[in-house]
Amino acid sequence: MALCDDACFPVFSSWVYRLILINGELAVEFYDRPRKHQRPNVTCLYPGTNCSWYLLGKMWGSKGKFVHALLYKKRPYRKIKNPCPITPCNYDVSSNLTSGTETFLVDGSWTAPAGVVVVVVQAWGGGASGTAGIASSGGGGGGGGGYVKIRIGVVPGDAYTVDVGAGGIASGNDGAASTFWNATTVKAAGGDAGAGPVTGGAGGQVLDSVGCDIYRGGNGQDADLDGNGGGGGSSGGSAAPGLDGSGTPPTDAGQGGAAGVVGPPTTAGSAGTVPGGGGGGGGNTEAGGAGAAGKVILTW
């Protein structure tokens, strides 16, 4: 995350907030009525995107009601003149005395080599499994894991924990997040299983992840009412959000599992592929496919 500098913020005695659209998802952050001469310290959640600031007149409701009004009632807003600056992510590792890369497919630990002071972390969360179908419909597909990339400082000789998010076990289980060091430093969110036998699960969310470049996982498809399941969502790619439902995923993403179909023969949902593909929903009463585990890549 990168902090907006002070020039980003006008001074008003009212609500100030940011409304941005990233990868098709609406995100918001706001500061409650800054006093005169006080600069609100608000974080740009998505460096490299168009994070313009907006001003809303005084409101006397709760913050929860404010967010609800913003997201769902789509009230008119007036754009102010000083947008938050676009801050590109920095992946320069030239300050290191040695170079290398390591890929983790299971949990582990990484010790920073001598002369290494920065590392670039790429992480994919685990995919959720698809759900089992019921007699009248198939099961929904599991959501794919999210993707993050960030450069962080490290201390040569220190050990850092690497947690690779597990995929959801069939049927109907969430994927786990992948983290480096801890979940407040680097985190790629896992995908969600569907809320019921028909509904597909959401992919790993941008707002539930921690990084610089962040892409959501693809959503699992809903099942139809003829007994066919929904395809699993892909994980987020290194330059694009995940694909909703099974199909060709973006670059570096894991593919979502194919949906089970009504037969004969009636089939179960297929498993997602590493990293972080969601499992396909089962056809009719068959099981949903397992979600795939995530992955972590370190480059220095």
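Here, each number is a calculation from the coordinates, and none is a lab measurement. Just so it is clear, the structure is predicted and the values come from calculations on it, not from any experiment. As a convention, Cβ positions derive from the backbone with ideal geometry for all residues, glycine included, and neighbour counts pool all protein chains shown.
Could you tell me the relative contact order of the range 89-300? Use alpha-carbon pairs under 8 Å, at least six residues apart, and round to a whole percent.
Details: 1100 pairs, mean separation 59.3, N = 212.
Over the range 89-300, the number comes to 28 percent.
Counting only C-alpha contacts under 8 Å and six or more residues apart, can you give the relative contact order of the range 220-300 as a whole percent?
Values: 295 pairs, mean separation 20.6, N = 81.
Averaging sequence separation for qualifying contacts and normalising by length gives 25 percent for the range 220-300.
Rounded to whole Å and ordered largest first, report the semi-axes of the equivalent ellipsoid of the range 84-207 derived from its Cα gyration tensor (root of 5λ). Kindly include the intermediate steps, with their values, before the conclusion.
Working: eigenvalues 255, 50, 16 Å².
Over the Cα atoms of the range 84-207, the semi-axes work out to 36, 16, 9 Å.
Restricting things to alpha carbons, tell me how big the range 89-300 is in terms of Rg and Dmax, in Å.
17.6, 62
Taking 0.36 nm per intervening residue step and subtracting the Cα-Cα distance, what contour gain separates residue 98 from residue 135 on full extension? Could you put the intermediate results ahead of the total?
Values: separation 37, 0.36 × 37 = 13.32 nm, distance 5.91 nm.
Here the segment from residue 98 to residue 135 would lengthen by 7.4 nm.
Label points 7 Å out from Cα along the Cβ direction at residue 159 and residue 106: separation in nm?
Reported label-point gap for residue 159 and residue 106 is 1.7 nm.
When the dipole is taken about the Cα centre of the range 104-221, and only Lys, Arg (+1) and Asp, Glu (-1) are charged at their Cβ, what size is it in debye, to the nearest 20? Mind dumping the intermediate values first?
Details: 4 positive and 7 negative charges, 42 e Å.
The dipole magnitude comes to about 200 debye.
Give me 171, 95 sorted ascending by neighbouring Cβ count inside 10 Å, so fewest comes first.
Values: 171 25, 95 11.
With the fewest neighbours first, 171, 95 line up as 95, 171.
Calculate, for residue 152 and residue 195, the FRET efficiency according to 1/(1 + (r/R0)^6) with r their C-beta to C-beta distance and R0 51 Å; round to the nearest 0.05.
0.90
Compute the signed sum of charges (Lys and Arg +1, Asp and Glu -1) over the other residues within less than 14 Å, Cβ to Cβ, of residue 279.
With Lys, Arg at +1 and Asp, Glu at -1, the net is -3.
Which residue, 242, 291, 201, has the largest displacement toward the positive end of the dipole of the range 89-300 when charges sit on each Cβ (Lys, Arg +1; Asp, Glu -1)?
Ranked along the dipole, the leading option is 242.
Just to verify a number: FRET efficiency for residue 117 and residue 184, C-beta to C-beta distance, R0 = 25 Å, to 0.05? Can you show the working numbers first?
Values: r = 21 Å, r/R0 = 0.82.
After rounding to 0.05, the efficiency reads 0.75.
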